[in-house]
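Below: one structure, written as structure tokens.
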Amino acid sequence: MLVKTIKDMKSIVKKLKEKGKSIGFVPTMGYLHEGHISLIRCSKKDNDVTVVSIFVNPIQFGENEDLDRYPRDIERDLQICRDEGVDFVFYPSADEMYPDGFSTYVEVEGLTNRLCGAFRPGHFKGVTTVVNKLFNILQPDRAYFGEKDYQQLKVIQKMVKDLNMNVEVIGCPVVREKDGLALSSRNKYLSEKERESALSISRALFEGKKMFEKGEKDPQKIISKMKKIISSYPEVKNVQYIEIVDPETLEPKKKVEKGDLIAVAVFVGNTRLIDNIKI
Ligand code: PAF
């Protein structure tokens, strides 16, 4: 069932709560793919009712980013939700979420300065604000986020802990194409040649992991090999960062240990792609 207003969504949630139903929530910006579907399936398994939100959140995009061209296809998304047995799709407008005079934001400090946060000022503030609003509207028991956006997952978990919110935030593994490319709605931007170059990212991540497994503990050696791999592909325009970090604090490591995270952000053509792997 499609729900467009906060008022209607809240009244549905109230009835579900009265009946004692557990609510699983999958927040998305639409243009759904197998990664989102894996989150929906986890939610369906754990909860009585699953709600998917589709909202391209304007306040998490920087001025020169891709808000206007972000891929959208609501009919296709609704069909996927129907096929997957989603109970409710919350699809508010930007005016519904941010009426005139809106002026309250939620910000997680520290964690948001690193990795993507260093290159996308204000991005995580936009994410935590919208997710906070969505949690307030939907009052989910559990919410599901993809580990491809690993920093986002950690930032949201921190927000929930710091603000004593009553929701369990669950991370689900990155879903990849057969050739290794991590699924992302932004893959839609890639030309055939760019897609080939985008494979450099997962190839470099797998190589980084392999180097560690063979005994390499020096992050700089792993990072420089990965950089070499990625930069060798023709459509790679800029390697924004390759970092090996502690999976909880996201602080760069001096010596690599099992369980650390290798995280990458790369521009392939004009498309900024991120990916990561735990080692
Ligand atoms: O990961 C996303 O798609 C978005 O950042 C989210 C969590 C739906 C918030 O707009």
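The values are calculated or read from the model by the stated rules, or taken from the named source; none is laboratory data. None of the values given here were measured: they were computed from a predicted structure. Reconstructed Cβ throughout: ideal geometry from the backbone, glycine too, with neighbour counts over all protein chains shown. Side chains included, ligands, DNA and RNA excluded: accessible areas come from the protein's heavy atoms. Shrake-Rupley method; radii C 1.70, N 1.55, O 1.52, S 1.80 Å.
Using the structure shown, decide if R114 is within 23 Å of E34 (Cα to Cα), modelled with pLDDT of 95 or more, open to solvent by 10 Å² or more (accessible area, probe 1.4 Å) and more than 14 Å from the ligand (Cβ to nearest atom).
Spelling it out, it is not the case that R114 is within 23 Å of E34 (Cα to Cα), modelled with pLDDT of 95 or more, open to solvent by 10 Å² or more (accessible area, probe 1.4 Å) and more than 14 Å from the ligand (Cβ to nearest atom).
Being over 20 Å from the mean Cα position of the chain (by Cα) and open to solvent by 50 Å² or more (accessible area, probe 1.4 Å) is true for just one of R176, R203. Which residue is that?
Exactly one residue qualifies, and that residue is R203.
Can you tell me which of I201, I229 is over 25 Å from Y105 (Cβ atoms), in a helix (DSSP H, G or I), of a type in the set (V, I, T) and in contact (Cβ under 8 Å) with a residue 60 or more places away in the chain?
Sole residue among the options that is over 25 Å from Y105 (Cβ atoms), in a helix (DSSP H, G or I), of a type in the set (V, I, T) and in contact (Cβ under 8 Å) with a residue 60 or more places away in the chain: I201.
Given the residues V13, V49, which is the only one that is within 27 Å of K125 (Cα to Cα) and β-branched (V, I, T)?
On the way: V49 fails: within 27 Å of K125 (Cα to Cα).
Selected residue: V13, the only one of V13, V49 that is within 27 Å of K125 (Cα to Cα) and β-branched (V, I, T).
If you scan region 89-105, which residues turn out to be of a type outside the set (A, V, I, L, M) and touching a Ser or Thr at 6+ places or on another chain (Cβ under 8 Å)?
Residues of region 89-105 of a type outside the set (A, V, I, L, M): 90-93, 95-96, 98-105.
Of everything in region 89-105, those that are of a type outside the set (A, V, I, L, M) and touching a Ser or Thr at 6+ places or on another chain (Cβ under 8 Å) turn out to be F90, Y91, P92, E96, T104, Y105.
Name the single residue, out of those in region 232-264 being outside any strand (DSSP E or B) and among the small types (G, A, S), that is most open to solvent (accessible area, probe 1.4 Å).
S232
Determine whether D48 is open to solvent by 70 Å² or more (accessible area, probe 1.4 Å) and out of contact with any helix residue (DSSP H, G or I) (no Cβ under 7 Å at 6 or more places or on another chain).
Numbers: open to solvent by 70 Å² or more (accessible area, probe 1.4 Å): yes; out of contact with any helix residue (DSSP H, G or I) (no Cβ under 7 Å at 6 or more places or on another chain): yes.
Against the criterion (open to solvent by 70 Å² or more (accessible area, probe 1.4 Å) and out of contact with any helix residue (DSSP H, G or I) (no Cβ under 7 Å at 6 or more places or on another chain)), D48 qualifies.
Does I156 satisfy being among the β-branched types (V, I, T), within 13 Å of the ligand (Cβ to nearest atom) and open to solvent by less than 40 Å² (accessible area, probe 1.4 Å)?
Working: among the β-branched types (V, I, T): yes; within 13 Å of the ligand (Cβ to nearest atom): yes; open to solvent by less than 40 Å² (accessible area, probe 1.4 Å): yes.
For I156, the condition - among the β-branched types (V, I, T), within 13 Å of the ligand (Cβ to nearest atom) and open to solvent by less than 40 Å² (accessible area, probe 1.4 Å) - is met.
What residue, among those in region 13-55 that are over 26 Å from R176 (Cβ atoms) and among the aliphatic types (A, V, I, L, M), is farthest from the chain's Cα centre (by Cα)?
L16
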